[in-house]
Amino acid sequence: MKLLVQSSQRHAKMRAHTATHLLHAELEKIFPMTKQAWSLVEEDYTRFDFVSDRALSVDEIKAIEESINWLIKWWFPVHVKEHSYDEAIALWAKAFFEEKYADTVRVVTVEWWEWSLVSIELCGGTHVSNTSHIGAFKIVQQEAVAAWTKRIVAVTWPWVTNEMQKITDKLASYANLLDVPVAQLDKKIEKILKEHKSMQESIESLQVKLLSTELEALWGTSNDAFDHVIEIPSALLSIGFKQIVGEAKKHFVNQSLLLRSAEWQFALVSGSDSFSVKERAQTKGLKWGWSDWLFQWKDTTILDH
Ligand SMILES: [Zn+2]
């Protein structure tokens, strides 16, 4: 039994190791200048760190998975050969880096039959003899580990099944939550999003109506600088600053306004009388204006001046 477990573990690691070589080769297609920064090979699990300034896109991840699963499907042989270092350099110069190796090196290749190499690496690890033994390949995670280092976590055959089961379970729980069969999930989500959007729109239009009514009531007080000093209630703030200013402008045509709320500081609005508003604003010591009719400033004591 112990031997059986050991052999099963060894094969799981071999699957992951050969898959790591294939992953490395696929990444080099996307990032020709990339380097392997670090890799960890466990049973049916590989964690591969590589140098890149950007992450892989969803499409690139899908393409890598498809490509490796295609290599698995088509039974490509994996060869492990010993060569003298010089011989190896002469044969596959491009595959070797600046590292120092012993006189005899172990070269692991995955070959596209006689035609070309899928992958070539100097490696002392044990490998499956054929890509089909990997069974299946899936990337389960991508993250950044440092500014220039990205990490990919991938799994091989038995773990791929587990991962797929996890996804299936998740979908089933979403379907359960939304009370529809899994096959109708996308339609249901589309419907919910549509409803959400139209609800949001009607909330917004109600808020604008409310704001308009409130503004009538919020006539405000006047002081020596402004015709109206209006306090906007917090309940109306979700309408958004721009819309509030727009509505206020419509209501108080050609009048100078001071709008204030708990969230934003103060805004000053006026109709056509922008010059005098500017003047008045300046006499109040305002330093920053970002349109002819609207000023915003941070001095919350302005009302007390
Ligand atoms: Zn290796």
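The values are calculated or read from the model by the stated rules, or taken from the named source; none is laboratory data. Being a predicted model, the structure only gives us computed values, none of them experimental. Cβ: placed from backbone, ideal geometry, glycine included. Neighbour counts: every protein chain shown.
Overview of values
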{"read-out": "Those residues of region 108-161 which are under 28 Å from Val58 (Cβ atoms) and among the hydroxyl-bearing types (Ser, Thr, Tyr), in sequence order", "value": "Ser119, Thr131, Ser132, Thr149, Thr156, Thr161"}
{"read-out": "Test: His79 is part of a helix (DSSP H, G or I), within 19 Å of Gly125 (Cα to Cα) and not β-branched (Val, Ile, Thr)", "value": "no"}
{"read-out": "Extreme residue, farthest from Phe48 (Cα to Cα), among residues of region 127-158 that are modelled with pLDDT of 95 or more and part of a loop (DSSP other than H, G, I, E, B)", "value": "Ser129"}
{"read-out": "Selection count, region 29-39, where residues are in contact with a Ser or Thr (Cβ under 7 Å, 6 or more places away or on another chain) and within 14 Å of the ligand (Cβ to nearest atom)", "value": "1"}
{"read-out": "Number of the condition not met by Thr168 [criteria: (1) more than 29 Å from Val108 (Cβ to Cβ); (2) hydroxyl-bearing (Ser, Thr, Tyr); (3) more than 23 Å from the chain's Cα centre (by Cα)]", "value": "(3)"}
{"read-out": "Test: residue in region 174-190 that is touching a Leu at 6+ places or on another chain (Cβ under 8 Å) and surrounded by 17 or more Cβ atoms within 10 Å (Cβ to Cβ)", "value": "no"}
{"read-out": "Qualifying residue in region 94-103 (condition: away from the ligand (no atom under 13 Å from the Cβ) and either closer than 17 Å to Trp159 by Cα or at pLDDT 95 or above (or both))", "value": "no"}
{"read-out": "Tabulated pairs, region 132-145, first in contact (Cβ under 8 Å) with a residue 40 or more places away in the chain, second surrounded by fewer than 20 Cβ atoms within 10 Å (Cβ to Cβ) and among the basic types (Lys, Arg), C-beta under 6 angstrom, 6+ apart or interchain", "value": "Val145/Arg151"}
{"read-out": "Index of the failed condition, Ser52 passing every other in (1) more than 15 Å from the ligand (Cβ to nearest atom); (2) out of contact with any Leu (no Cβ under 7 Å at 6 or more places or on another chain); (3) free of Cβ contacts under 8 Å to residues at least 40 places away in the same chain", "value": "(3)"}
